[in-house]
Amino acid sequence: MLRLGTREFATHQPVIMAIVNRTPDSFYDQGATFAERAALERVARAVDEGADIIDIGGVKAGPGSEVDAAEEIRRTAGFVAEVRRRHPDVVISVDTWRHEVGEAACAAGADLLNDAWGGVDPRLAEVAARHRVGLVCTHAGGARPRTRPHRVRYDDVLADILRVTVGLAERAVALGVPRESVLIDPGHDFGKSTRHSLEATRRLDEMTATGWPVLVSLSNKDFVGETLDRPVKERLLGTLATTAVSAWLGAQVYRVHEVAETREVLRMVAAIAGRSEPAVARRGLA
């Protein structure tokens, strides 16, 4: 059972996390939801399309203009409060590696802290424990925030992913984060080459076998683009193919830009796996 905010999700229940970037320079939407009105419209649309979690980020993941903690808080905390007011039942996540931002986000009503940089600030887990909110424990290969991988090597990438993410998850629980609210994430692209991300996907069942809920952030990433030789705006099909494989191998939470398309892929995989019924079943019955 995964418990986030007021929501509970069964073990095999797929969960969609919609990305809302409060940044002027995000790699995918180039600042389309930096303005509050546009961001709130994006939240409403994502919820209508079936998103269970809204993931709010105030800093571009890659290199770019410096954004200090105060500015990141300005971009996220007040917005969290407004989303909570408008959508009281949705799970609100904040994508940050900084404990100061996590503190402000939790005070504003966040239910989950999405630490995409692998515990680089160990105090973030302490914030999650103190507020009794969820935590995403990600493998970033030791990379510093907002840096790109350079000649990164692993003897066994999945072994390293398991060592880091399970270690972070166990530390979080020891600090007081509710065990049912901790997730692990292989960190596609973060501290990895394309081949590393492909291998992490291929062996994802080794992560799900740990018993921790697995979150995958696949949407339009570089490993998809390099595999298919496609620019950012032409990676949807590759993303959805990777989503289907990840679902088959047991991932539970999907951090995405395209909510409706992802929802249909997850419904189809669940039906093939025998975990859900078709929406209608007429063929061959009349």
- Task: Run the quick spin-label model on Arg151 and Glu82: label points 7 Å from Cα toward the beta carbon, then report their separation in nm to one decimal.
- Result: 4.7
- Query: Over the chain, what relative contact order in percent results from Cα pairs under 8 Å that are six or more residues apart?
  - Reply: 18
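Could you compute the FRET efficiency for Ala281 and Ala260, with r as their C-beta to C-beta distance and R0 at 30 Å, rounded to 0.05? Write out the running numbers ahead of the final one.
Numbers: r = 22 Å, r/R0 = 0.75.
The computed FRET efficiency comes out at 0.85.
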- What residues of the range 11-37 lie in the reach of a label at Ile272, counting those whose backbone N is under 17 Å from a point 7 Å from the Cα along Cα→Cβ? 14
- Would you order Thr227, Thr11, Thr76, Thr96 from fewest to most other beta-carbon atoms within 10 Å of each residue's own beta-carbon? Thr11, Thr227, Thr76, Thr96
- Task: Search the structure for amide H atoms under 5 Å from the amide H of Ser26, placed 1.01 Å from N in the peptide plane, and list their residues when 5 or more places away or on another chain.
- Result: Gly31
- Task: Measure of size requested: the Rg and Dmax of the range 159-206, with Cα atoms as the atom set and Å as the unit; please supply both.
- Result: 12.1, 36
- Item | Cα→Cβ-extended label distance, 7 Å offset, between Ala107 and Tyr28, nm | 3.0
- Computed on Cα atoms only, the convex hull of the chain has an orientation-averaged projected area in nm² of 15.0
- Task: Show that you can apply the helix-only estimate: for the chain, add -39,500 (n - 2.57) for every DSSP H stretch of four or more residues, divide by all residues, and state [θ] at 222 nm to the nearest 500.
- Result: -12500 deg cm²/dmol
- Query: Whole-Hz Karplus ³J(HN,Hα) for the range 176-183, in order, using 6.51 cos²θ - 1.76 cosθ + 1.60 and θ = phi - 60°, x for Gly and Pro?
  - Reply: x, 5, x, 4, 6, 10, 10, 10
- Each residue of the range 114-121 in order: what ³J(HN,Hα) in whole Hz does its phi give by Karplus 6.51 cos²θ - 1.76 cosθ + 1.60, θ = phi - 60°, with x for Gly and Pro? 9, 8, 7, 10, x, x, 4, 10
- Query: Stretched out fully, how many nm does the piece from Ala35 to Ala209 gain, at 0.36 nm a residue minus the Cα gap?
  - Reply: 58.5 nm
- Note on the structure: With label points set 7 Å from each Cα along the Cα-to-Cβ direction at Thr194 and Ala70, the distance between them in nm comes to 4.2
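DSSP loop (so not H, G, I, E, B), at most 13 other Cβ within 10 Å: list which GluC sites (Glu not before Pro) in the range 31-78 pass both filters. Don't skip to the answer; put the middle values down first.
Details: sites: Glu36, Glu41, Glu49, Glu66, Glu71, Glu72; in loops: Glu49, Glu66.
When the GluC sites (Glu not before Pro) of the range 31-78 are filtered for loop state and at most 13 Cβ neighbours within 10 Å, Glu66 remain.
Grab the beta carbon distance between Arg230 and Met1, set R0 = 51 Å, and tell me the FRET efficiency rounded to 0.05. Don't skip to the end; give the middle numbers.
Values: r = 38 Å, r/R0 = 0.74.
With R0 = 51 Å, the Cβ-Cβ based efficiency is 0.85.
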- Message: With a 10 Å cut-off between alpha carbons and a GNM built on the chain, which of Ile56, Ile161, Ile184 moves the most?
- Response: Ile161
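None of the figures in this text is laboratory data; all of them are computed from the coordinates on show. It should be emphasised that the depicted structure is a prediction, and the values quoted were computed from it without experimental measurement. Cβ atoms come from the backbone with ideal geometry, glycine included; neighbour counts cover every protein chain shown.
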